[in-house]
Amino acid sequence: PPVIKRALAEIPGAPLFAHNIESLSVADIVSICGGRQPHLIHLGEIIEHLVEDYRVLKTLFDALPDGGLLYVDTPDNPLKIYERDHLRFYPLPSLVRLVELAGFELIDIGAADGYNIVVCRRNDNAKP
């Protein structure tokens, strides 16, 4: 989708990793990234599986540097909640609200190919 292309264009060559995100601390995330804060985190079909979605988003917010990007995509069909251990369904307005509550600034939203997509960033200068 165009939103991920724009996000990746801002940070070329970003390393990718896959871990059980619910068990990671900020220190774990930084360690996985070679001792540096990641500049882009992509939750691809992940958030609907999380027991503590808000807590995980807060951890990711704290792990990112100012200006760091978070890209989230999740199925847009509520019938898929019963597939592959999905714990909840996120209509686009609910997903937007959740990332904003976690402190992120919204950059772009969209829906494509059966997914709701949110791109947001940590902005330490944004008003609470």
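The values are calculated or read from the model by the stated rules, or taken from the named source; none is laboratory data. Given the structure is predicted, the values throughout are model-derived calculations rather than measurements. Ideal geometry is used to build each Cβ from the backbone, glycine not excepted, and the neighbour counts take in all protein chains shown.
On inspection, Ile29 passes the criterion of being assigned to a helix (DSSP H, G or I) and at pLDDT below 95.
Would a scan of the stretch 44-60 turn up a residue that is more than 20 Å from His86 (Cα to Cα), aromatic (Phe, Trp, Tyr) and at pLDDT 95 or above? The answer is no; no qualifying residue exists. Tell me whether the stretch 64-85 contains one or more residues that are more than 13 Å from the chain's Cα centre (by Cα), of a type in the set (Phe, Trp, Tyr), surrounded by 16 or more Cβ atoms within 10 Å (Cβ to Cβ) and at pLDDT below 90. No.
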